[in-house]
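The values are calculated or read from the model by the stated rules, or taken from the named source; none is laboratory data. Just so we're clear, the structure is a prediction, and the values are computed from it rather than from any experiment. Glycine also receives a Cβ, built like all others from the backbone with ideal geometry; neighbour counts cover every protein chain displayed.
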Amino acid sequence: MRQLRLGCICLAIAAAISSSEAMAGDSRGRGIAVTLDDLPAAAANSMAASEIVAMTTKLVGTLRGEKVPVVGFVNERKLYRFGEVDERIHALDLWLDAGFELGNHTFTHASLNRVGLRAWEEEVVRGETVTRLLLARHNMPLRYFRHPYLDTGRDLETRRQAEAFLADRGYRIAPITLDAWDWMFAGVYEDARRRADTALEQQLVDAYLSYTTQVLDYYEKLSQELIGYEPRQIILLHANWLEADHIAELLALLRKRGYQFLPLQDALSDPAYSMPDDYVGEEGTSWIDHWAITRGRPPRNAPVFPQWVIDRSKALPHPPVQP
C-alpha cells in the first residue's frame, strides 16, 4: 500500500512538473514548416539566369544538408526571359531534384484584393502550367497554393468563392503564421552584396535575426493567449541571396528554440488550421492574426520593423516591392 501511495505521489509530481513546463512555454514539442515564395527568385527581373541558378544551388544545398522539408511557391512569369527560359526552369528542377516540393503562387504574383476574382482565377490557372509538368516528371501532384501578398480577399464572399475555386482545382491553401519580412532586408542586402559592402551585409543579417527573434517571441506568446498552445508554425521566407547566404543561421536559431522541421502537410494537420477564419482586409497577414481578429481580439503591440532598413530600401535605385 505504501508503495502504491508513493507511486501516486510520484505521478502527481511528474504531472505537476509537466504542467508547469507547458505553462512556461516548454519548447520540446515545437514544430515548424519552411516555405519559400517567389521562385525561381524574388528579384528574378534584375538577375540573369546564371545568377538565379547559382543562388538556388546554394540555397537548396543548405536546406538539403540541414534535412529541412520545403515547399517553394512559383511565379511562372519569372521563367520567361528571352534566351534564358531553359536555365530558369532548370532552377526549379533543382528544388525537385533535391526532394522538395513546388506550389502555385499565381503567374505574375497577382493580388486577389487588386485584380478581381475572375482575373485572379486566370492567374492561378496560368501559374500552374510549367510547375504541374515539372512535378509530374517527379511523380508528384500540384497540391498547394499560396496567396500573393497573403491577400485573401477584401470581402468574405470573394474569399469564399476563391477558396471554392482553389478546392475545385485540387489545391490546399498554404497559410503562414510567421513572417519576419526577409524580403525587405533582402533588397538592401543584395545591393550591399553587389557592392561588396561586407559590414552592411553583416549588419543586415544581425538585424534580420534579431527581428525574427522578436517575431517568434510575439507569435508564440500570442498563440498561447489565443488558443492555449503553440500550433505547428509555418514560416514565410523568399528565394533570395539573404537566405541563400544565411539560412543556416536562421535554422540554427529555430533549432535553439526547440523547433523541429516538419513537412507542410504535417503542420497543416494541426487542429488550429481548422479554426474559424473570417478575416478579410486590404493587408495580408499571419493566420494567427486571422484567428485573433475572427475572435474579436485584434493583436496589439507587434514587433516594430527596423526603420533604418525601410529607409535604406526606399533609397535603392529600384526599391523592392512586397513579394
(request) Please find, among LEU112, LEU59, LEU102, LEU39, the residue that is in contact (Cβ under 8 Å) with a residue 60 or more places away in the chain and under 22 Å from SER286 (Cβ atoms). (result) LEU39
(request) Please give the helices (runs of 4 or more DSSP H) falling wholly within the stretch 74-144 in which 2 or more residues are in contact with an Asp or Glu (Cβ under 7 Å, 6 or more places away or on another chain). (result) 112-115, 129-137
(request) Within the stretch 149-167, count every residue that is more than 21 Å from the chain's Cα centre (by Cα) and among the hydroxyl-bearing types (Ser, Thr, Tyr). (result) 1
(request) Could you please find all residues in the stretch 272-296 being surrounded by fewer than 18 Cβ atoms within 10 Å (Cβ to Cβ) and part of a helix (DSSP H, G or I)? (result) SER274, ILE293, THR294
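Residue by residue, here is whether (1) among the polar types (S, T, N, Q); (2) closer than 27 Å to ALA48 by Cα; (3) free of Cβ contacts under 8 Å to residues at least 12 places away in the same chain holds:
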site: MET140; (1), (2), (3): no, no, no
site: ARG154; (1), (2), (3): no, no, no
site: GLU157; (1), (2), (3): no, no, yes
site: ASP168; (1), (2), (3): no, no, yes
site: TYR171; (1), (2), (3): no, no, no
site: TYR189; (1), (2), (3): no, yes, no
site: ALA199; (1), (2), (3): no, yes, yes
site: LEU209; (1), (2), (3): no, no, no
site: GLU220; (1), (2), (3): no, no, no
(request) Filter the stretch 154-166 for residues that are surrounded by 12 or more Cβ atoms within 10 Å (Cβ to Cβ) and among the aliphatic types (A, V, I, L, M) and give the result. (result) LEU156, ALA162, LEU166
(request) Being small (Gly, Ala, Ser) and under 17 Å from LEU79 (Cβ atoms) is the filter; apply it to the stretch 89-123 and report the residue that is surrounded by the fewest Cβ atoms within 10 Å (Cβ to Cβ). (result) ALA110
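For every residue, the table says whether it meets (1) exposed (fewer than 15 other Cβ atoms within 10 Å of the Cβ); (2) aliphatic (A, V, I, L, M); (3) part of a helix (DSSP H, G or I).
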{"position": "ARG193", "(1), (2), (3)": "no, no, yes"}
{"position": "ALA199", "(1), (2), (3)": "yes, yes, yes"}
{"position": "ASP206", "(1), (2), (3)": "yes, no, yes"}
{"position": "LEU209", "(1), (2), (3)": "no, yes, yes"}
{"position": "LYS221", "(1), (2), (3)": "yes, no, yes"}
{"position": "TYR229", "(1), (2), (3)": "yes, no, no"}
{"position": "ASP245", "(1), (2), (3)": "no, no, yes"}
(message) Looking at the structure I just gave you, is ARG295 more than 29 Å from THR198 (Cβ to Cβ) and touching a residue at least 12 places away in the same chain (Cβ under 8 Å)?
(response) yes
(request) Kindly provide the set of residues from the stretch 192-219 that are hydroxyl-bearing (Ser, Thr, Tyr) and in contact with a Phe, Trp or Tyr (Cβ under 8 Å, 6 or more places away or on another chain), ordered by number. (result) TYR208, TYR211
(message) Checking the conditions here, which among GLY99, GLY103 is within 26 Å of GLU230 (Cα to Cα) and either at pLDDT below 95 or not aliphatic (A, V, I, L, M) (or both)?
(response) GLY103
(request) Kindly indicate the residue of the stretch 135-146 that is of a type in the set (A, V, I, L, M) and crowded, with 18+ Cβ neighbours inside 10 Å and also farthest from GLU163 (Cα to Cα) among those meeting that condition. (result) LEU135
(request) Within the stretch 256-268, identify whether any single residue is over 20 Å from the mean Cα position of the chain (by Cα) and touching a residue at least 40 places away in the same chain (Cβ under 8 Å), and answer yes or no. (result) no
(request) Considering each residue of the stretch 105-135, count those that are over 21 Å from ALA49 (Cβ atoms), touching a helix residue (DSSP H, G or I) at 6+ places or on another chain (Cβ under 6 Å) and not small (Gly, Ala, Ser), and give that number. (result) 5
